């Protein structure tokens, strides 16, 4: 099928939807035919199972070179830029946000057509249970239909390791269609919720107590009319129509324990908030952010627990990270530890202002509760057993807290161009004899969890009001794809 020039970004997305819908439907039709009759597709039929391709041409010689202070939707160099697209209807708003400035400010020309990248058959099936029909095995399907090949799924564009051939099209986005589809399915697997439920503002936590508070606050917003729904693992949805006194029980009974990193989505007009309990450790932190990144969220914030390293800190105090001593080890090849992970001013200011508003404290009074400094992120929960070895490095870093996720989350935000920030709550002081023991949480600590979550939500509200300004140019490389 030939490529067609689109008159407007809207027209381009319309055609992407049409092409993708036709390809997906053809694949689904032939799969079900195979389940029922055993008839495999021929070469001509299989050629229909391909992702649509979006191509954008930028020729500055025909117009003055555009200049913008925006951190995205701009070209690093002239030429042809392209990417394959999946789920264009679901990503319509994002695509429109990227394409409109490229056309209006840079005079770019848009073309759409069919790519050579096949749609793996599992990505055409909604629930996956369709594969249980009859006695068709995965190996039989792989003989006749496109399968997910991990050799074709990678982050070479985001990591800057792709081969750029002179005269060939450049990447238009950080993730192509097959990489996006891979992560969309992983999100469902890990979180127990449909990927379409994810909201553009994300909170990550490492303690289920924050989930309890999030559910209570979310239900209160639904009752007040400021939120439209709360979606929980297992597909449970609470909205105004089924809101009653048993709503909390229904949410708490959700099968979250079946999923490694359960997610809860508070749907609001104009963009809500998703809370993911990522559990403990840098591996989980990297895993979930690898997949969340394909949704191109506006921001993710870490609001979890940490160990306080300073004598003056008390249980329930807050730590606003402005730097990270990364000893997690999991990203050392992709983002070496000697690469600085900058604090994003807009996020830092939003967190500090939110803390002042929620706690009602200002100046020195706020500083006694909220301390700004370096956070050490470890890959060993029992790092205290190596204190004699760790002491000098922690002293040199002037670190004020230690955890197992924040540095990873921040490095992933830097690597994958998602604005990030960290506000932690001190839950123990391992160097000063205040360790986590059963029953150690007191009333002040209980209050701090609720207050902490409210600060995170308030900070996201402030960032939402700031709009596009949070997509910092600090996160863009010099040869960045045009899309955010």
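Mind listing just one residue for me: the one in segment 293-302 that is touching a strand residue (DSSP E or B) at 6+ places or on another chain (Cβ under 7 Å) and closer than 10 Å to residue 413 by Cβ and, of those, surrounded by the most Cβ atoms within 10 Å (Cβ to Cβ)?
302
Taking the options 343, 321, name whichever one is assigned to a loop (DSSP other than H, G, I, E, B), closer than 29 Å to residue 198 by Cβ and in the same structural domain as residue 261 (by TED's automatic domain parsing).
Unique residue meeting the criteria: 343.
Is it fair to say residue 353 is assigned by TED's automatic domain parsing to the domain that holds residue 463, surrounded by 15 or more Cβ atoms within 10 Å (Cβ to Cβ) and in a helix (DSSP H, G or I)? Step through it out loud before you land on a result.
On the way: assigned by TED's automatic domain parsing to the domain that holds residue 463: yes; surrounded by 15 or more Cβ atoms within 10 Å (Cβ to Cβ): no; in a helix (DSSP H, G or I): yes.
When the stated conditions are applied, residue 353 does not pass them.
Out of all the residues in segment 199-209, is one or more on the phi > 0 side of the Ramachandran plot and surrounded by fewer than 19 Cβ atoms within 10 Å (Cβ to Cβ)?
no
Would you please name the residue that is farthest from residue 124 (Cα to Cα), looking only at residues in segment 15-32 that are modelled with pLDDT of 95 or more and surrounded by fewer than 16 Cβ atoms within 10 Å (Cβ to Cβ)?
It comes out as 18.
Can you tell me which residues in segment 455-474 are modelled with pLDDT of 90 or more and either under 18 Å from the mean Cα position of the chain (by Cα) or within 19 Å of residue 411 (Cα to Cα) (or both)?
The answer is 456, 457, 459, 460, 461, 463, 464.
Would you mind finding the one in 224, 229, 246, 253 that is more than 24 Å from the chain's Cα centre (by Cα), free of Cβ contacts under 8 Å to residues at least 60 places away in the same chain, within 20 Å of residue 454 (Cα to Cα) and in the same structural domain as residue 423 (by TED's automatic domain parsing)?
Going through 224, 229, 246, 253 in turn, the sole match is 224.
Where residues in segment 414-434 are at pLDDT 95 or above and part of a helix (DSSP H, G or I), which of them is surrounded by the fewest Cβ atoms within 10 Å (Cβ to Cβ)?
Applying the first criterion (at pLDDT 95 or above) to segment 414-434 yields 414-424.
Checking which are part of a helix (DSSP H, G or I) leaves us with 414-416.
Working: 414: 21, 415: 23, 416: 23.
So the residue we want is 414.
Which condition breaks for residue 141 when tested against (1) in contact with a helix residue (DSSP H, G or I) (Cβ under 7 Å, 6 or more places away or on another chain); (2) farther than 22 Å from residue 57 by Cβ; (3) in a loop (DSSP other than H, G, I, E, B)?
Condition not satisfied by residue 141: (3).
Which of the residues belonging to segment 378-392 are closer than 21 Å to residue 305 by Cβ and either free of Cβ contacts under 8 Å to residues at least 40 places away in the same chain or part of a helix (DSSP H, G or I) (or both)?
380, 382, 383, 384, 385, 386, 387, 390
Quick one: residue 41 ticks every box in (1) within 28 Å of the chain's Cα centre (by Cα); (2) at pLDDT 95 or above bar one, so which box is it?
The failed condition is (1).
For segment 406-413, check the following and say yes or no: at least one residue is over 19 Å from residue 279 (Cβ atoms), touching a strand residue (DSSP E or B) at 6+ places or on another chain (Cβ under 9 Å) and either modelled with pLDDT of 85 or more or part of a helix (DSSP H, G or I) (or both).
No, segment 406-413 has no match at all.
Determine the pairs where a residue that is under 12 Å from residue 343 (Cα atoms), located within segment 393-416, has a partner that is part of a helix (DSSP H, G or I) with Cβ atoms under 8 Å apart, the partner being 6 or more residues away or on another chain.
Within 8 Å, the pairs are 407/282; 413/289; 413/475; 414/475.
Quick one: would you say residue 173 is outside any loop (DSSP other than H, G, I, E, B), within 30 Å of residue 476 (Cβ to Cβ) and at pLDDT 95 or above? Don't jump to the end; show me each part of the working.
Details: outside any loop (DSSP other than H, G, I, E, B): no; within 30 Å of residue 476 (Cβ to Cβ): yes; at pLDDT 95 or above: yes.
Answer is no for this residue.
Step by step: first the residues of segment 50-78, then only those that are at pLDDT 95 or above and surrounded by fewer than 23 Cβ atoms within 10 Å (Cβ to Cβ), then the one that is nearest to residue 271 (Cα to Cα). Which residue is that?
That would be 55.
Within segment 243-269, restricting attention to residues that are at pLDDT 90 or above and either out of contact with any helix residue (DSSP H, G or I) (no Cβ under 9 Å at 6 or more places or on another chain) or outside any loop (DSSP other than H, G, I, E, B) (or both), which residue is nearest to residue 185 (Cα to Cα)?
Within segment 243-269, the match that is nearest to residue 185 (Cα to Cα) is 263.
Could you please let me know if residue 375 is touching a helix residue (DSSP H, G or I) at 6+ places or on another chain (Cβ under 9 Å) and assigned to a helix (DSSP H, G or I)?
So residue 375 does not fit the description; no.
May I ask you to list the residues in segment 270-293 that are over 29 Å from residue 467 (Cβ atoms) and assigned to a loop (DSSP other than H, G, I, E, B)? Spell out the reasoning first.
Residues of segment 270-293 that are over 29 Å from residue 467 (Cβ atoms), as a first pass: 279-284, 287.
The answer is 279, 280, 281.
Evaluate the following for residue 92: is it closer than 23 Å to residue 13 by Cα, surrounded by fewer than 20 Cβ atoms within 10 Å (Cβ to Cβ) and over 21 Å from the mean Cα position of the chain (by Cα)?
Values: closer than 23 Å to residue 13 by Cα: yes; surrounded by fewer than 20 Cβ atoms within 10 Å (Cβ to Cβ): yes; over 21 Å from the mean Cα position of the chain (by Cα): no.
So residue 92 does not fit the description; no.
Within segment 98-119, which residues are at pLDDT 95 or above and assigned to a loop (DSSP other than H, G, I, E, B)?
108, 119
The values are calculated or read from the model by the stated rules, or taken from the named source; none is laboratory data. Because the structure is predicted, anything quoted here is derived from the model rather than measured. As a convention, Cβ positions derive from the backbone with ideal geometry for all residues, glycine included, and neighbour counts pool all protein chains shown.
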